[in-house]
1. Could you list all residues from the range 252-278 that are farther than 19 Å from A66 by Cβ and out of contact with any Leu (no Cβ under 8 Å at 6 or more places or on another chain)?
2. Those residues that are among the β-branched types (V, I, T) and under 30 Å from A125 (Cβ atoms), I need them from the range 145-184; list them, please.
3. So K130 ticks every box in (1) within 25 Å of S239 (Cα to Cα); (2) basic (K, R); (3) touching a helix residue (DSSP H, G or I) at 6+ places or on another chain (Cβ under 8 Å); (4) at pLDDT 95 or above but one. Which box is left unticked?
4. Can you find, within the range 118-154, the residue that is nearest to N164 (Cα to Cα) among those that are part of a loop (DSSP other than H, G, I, E, B) and among the hydroxyl-bearing types (S, T, Y)?
5. Within the range 123-162, can you find the residues that are more than 29 Å from G94 (Cβ to Cβ), free of Cβ contacts under 8 Å to residues at least 24 places away in the same chain and surrounded by 18 or more Cβ atoms within 10 Å (Cβ to Cβ)?
6. Quick check: anything in the range 294-312 among the β-branched types (V, I, T), buried (at least 20 other Cβ atoms within 10 Å of the Cβ) and in the same structural domain as D116 (by TED's automatic domain parsing)?
7. Can you work out which of the residues in the range 164-197 that are touching a Ser or Thr at 6+ places or on another chain (Cβ under 8 Å) and aliphatic (A, V, I, L, M) is nearest to I231 (Cα to Cα)?
Amino acid sequence: MTFFLASRSTRTRTAAVVVAAAAAVALSACGSSSSTAANPLAPSASAGGGVITVGSNNFSESTILADIYGHALAAKGFTVKYHPNIGSREISYGLMKNGAVTLMPEYNGALLAYLDPKAVGTSTADTDAKTAAKLSPTLQLLNPSAAEDKDSLTVDAATAKQLNLTSASTISSLSKDASSLVIGASPEFQTREQGLVGLKDTYGLTFKSYKALDAGGTLTETALKDGNVQIADIFTTDSMIQKNGWVTLVDDKGLFGFQNVVPLANKSLPAGAVTVLNDVSSKLTTDGLMQLDAQVGAQGADPGAVADTWLKANGLS
């Protein structure tokens, strides 16, 4: 099995597609343990109770958020299992649709871009509404958080100096220099509208070459740090940006849209669980998310322990 009860140790950000696919089959065969019956928020059989399977994609922030949401549910008596490091959204959304995964921490804009590549959200509420309209009938978006984490084009310090780029520089300012730069990102970034497709269509940018790495994780960070790529898709809450003196370019044409953290859940989720999850989302902020990422990514802390500390500090456990 590739899913776990309670907290887990730190995991790498890269997941094998074969393992993820096998796990989808394995999930359906697993039983559940009993929940805490004395808790009024605990699920009941009549409310579709049972195991809530929390998934995460293959980067540490998704793991942290999955632990936060999952541990909050467990603290209220729900039985929770984890299906970590699933891989790309193409895989995780499929597992959500077929019910193998009950809950995923998502990003509203990125999910909308996956479901409808041409849709553009004009606000958090508009992005949520357009995303909800495209969801599988079995799925729902819960309340969005204020925490936002976007894809970005980030250049290393040497490239920023060479091209006179600062934190005020825009993606549009790369129009004359993109053809001399090697860009690195996840394999999916090559074919997504919020990726190379949109960078060409919206900004007119064509790069020298492309290196398929991971989703803003260790491979991408290392490639940028070592100069193997000069520009990369790095998540805006990544603590390595400040640590390494990298420069994130302003998305002046709004290609990467709104990216609020929001739980994607199966509609069979008990009402009590929805309340718990919405309470968690109401406490998440962008600055707070950056601090959580730094604890795990830069300091090597265990995501589960970080989640527990955050929940306690916010009165949620």
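1. D252, K253, G254, F256, F258, A271 - these are the residues of the range 252-278 that are farther than 19 Å from A66 by Cβ and out of contact with any Leu (no Cβ under 8 Å at 6 or more places or on another chain).
2. Those that are among the β-branched types (V, I, T) and under 30 Å from A125 (Cβ atoms): T154, T170, I171.
3. All conditions pass for K130, except number (1).
4. This residue is S152.
5. Within the range 123-162, no residue meets the criteria.
6. Within the range 294-312, one or more residues are among the β-branched types (V, I, T), buried (at least 20 other Cβ atoms within 10 Å of the Cβ) and in the same structural domain as D116 (by TED's automatic domain parsing).
7. Going through the qualifying residues, I end up with I183.
Matching residues to (1) free of Cβ contacts under 8 Å to residues at least 24 places away in the same chain; (2) over 23 Å from D238 (Cβ atoms); (3) buried (at least 24 other Cβ atoms within 10 Å of the Cβ):
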{"residue": "A66", "(1), (2), (3)": "no, no, yes"}
{"residue": "Y69", "(1), (2), (3)": "no, no, yes"}
{"residue": "A75", "(1), (2), (3)": "no, yes, no"}
{"residue": "V80", "(1), (2), (3)": "no, yes, yes"}
{"residue": "R89", "(1), (2), (3)": "no, no, no"}
{"residue": "M104", "(1), (2), (3)": "no, no, yes"}
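The values are calculated or read from the model by the stated rules, or taken from the named source; none is laboratory data. Everything quoted here is computed from the prediction, not taken from an experiment. Positions of Cβ are generated from backbone atoms using ideal geometry, with glycine treated the same way; all protein chains shown enter the neighbour counts.
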